[in-house]
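Enquirer: I have a structure I would like to understand better, so I am pasting it below and will then ask my questions one at a time.
Computed from the coordinates by the stated procedures, all read-outs in this text should not be read as laboratory data. Worth saying up front: this structure is predicted, and the values here are computed from it rather than measured. Positions of Cβ are generated from backbone atoms using ideal geometry, with glycine treated the same way; all protein chains shown enter the neighbour counts.
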Amino acid sequence: MKQMIIGVLGVVLAGCIPGEATIKLSAENVRRVLKGEVVEVPVHGKVEMCVPIAPGDDEMKCPECQGRGIDLTNAVMIADRRACAATRVLALLLADGSCVTGGVKIVGTNVVHWATLDTKFLFGTEAAICAASNKVELCNGVVLLNDKGEFVLKCGRHEDLPLPKVNRIYDALEAVADGCKSCKDVYGEVGMILDIGSYETVSLVFEGDGQGGFFIETGDKRVAAKQIGKELRCDLRHKDSNGWGKAAKPIKLRKD
């Protein structure tokens with residue numbers, strides 16, 4: 001099966017990456033953004049794809065492994081090494097303290113392809129982000145507070161904000177893919193882990209500090225900053241009953 005070579009992120013279903021992302025926004029950072037500042041916020045992403053093992057199925061080997069007589073266990077080991085190498089390359093290209101890990105393993109009756117990302121995005125109002133073009137050009141993504149007070153996630157290669165750093169990373173990975181036949185799919189697609197906005201589940205987690213200054217509105221719920229407690233989790237994107245990611249109702253921020 002070709003997934004033995006693709007590794008970490010070789011399957012993207014209907015524009016959704018099979019992963020979960022969490023973006024943490026402290027109450028203090030929210031208040032700073034409402035004053036016009038641009039701040040950095042931590043982002044954690046976890047991608048996991050399971051491929052069922054079909055006993056005796058020759059399709060469980062990619063053509064390369066099948067031609068070389070490599071069994072399933074060894075194929076997974078090879079895919080794991082390639083996936084680990086590709087994610088290390090991605091971490092080096094980010095060069096900002098971001099941590100990227102990934103691999104391939106057998107769990108029960110599944111081959112599991114996994115990757116994790118710990119990085120930082122910029123968070124600010126639309127006006128502040130537009131005025132901070134130098135910072136935006138060096139960031140990995142943006143949590144934007146638009147003029148309606150709604151949270152909008154901007155990341156990945158095809159967003160309308162200038163993210164040349166991310167574009168250069170994609171270009172570098174594609175260049176490596178062109179020069180490496182065996183690892184082409186691994187290096188060509190591992191950059192997708194940066195496209196948090198396409199994950200099946202994306203959550204904003206507001207961390208409270210007992211102080212006021214703003215309200216969070218999501219659906220019919222309205223929560224004052226003082227009432228947040230330890231944290232308030234709100235979905236920007238979530239799985240529906242069929243397991244597909246879809247946009248949730250807008251999350252809005254209002255001054256107290």
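Enquirer: Can you check what the net charge comes to around Y170, using other residues whose Cβ is under 13 Å from the Cβ of Y170 (Lys, Arg +1; Asp, Glu -1)?
Expert: -3
Enquirer: Also, I was wondering about something else. Highest first, please rank the peptides 107-117, 80-90 by the mean number of other Cβ atoms sitting within 10 Å of their residues.
Expert: 80-90, 107-117
Enquirer: Between beta-carbons, use under 10 Å as the cut-off and find the net charge around K148, counting Lys and Arg +1, Asp and Glu -1.
Expert: Counting the neighbours of K148, the net charge comes to -2.
Enquirer: Amide H of L25: which non-local residues (sequence gap of 5 or more, or other chain) have their own amide H closer than 5 Å, using H built in the peptide plane?
Expert: HN-HN under 5 Å from L25: V205, F206, E207.
Enquirer: Something else: Per residue of segment 245-255, in order, report the coupling 6.51 cos²θ - 1.76 cosθ + 1.60 (Karplus, θ = phi - 60°) as ³J(HN,Hα) in whole Hz, putting x for Gly and Pro.
Expert: Computed from phi, the couplings for segment 245-255 are x, 9, 5, 8, 5, x, 9, 10, 10, 10, 5 Hz.
Enquirer: Label points 7 Å out from Cα along the Cβ direction at K35 and K221: separation in nm?
Expert: 2.8
Enquirer: Which of the peptides 192-203, 160-171 is most tightly packed, and how do the rest follow, judged by the mean count of other Cβ atoms within 10 Å per residue?
Expert: 192-203, 160-171
Enquirer: Could you run the Karplus curve 6.51 cos²θ - 1.76 cosθ + 1.60 with θ = phi - 60° over segment 80-86 and give me ³J(HN,Hα) per residue in whole Hz, x for Gly and Pro?
Expert: 4, 4, 5, 5, 4, 5, 5
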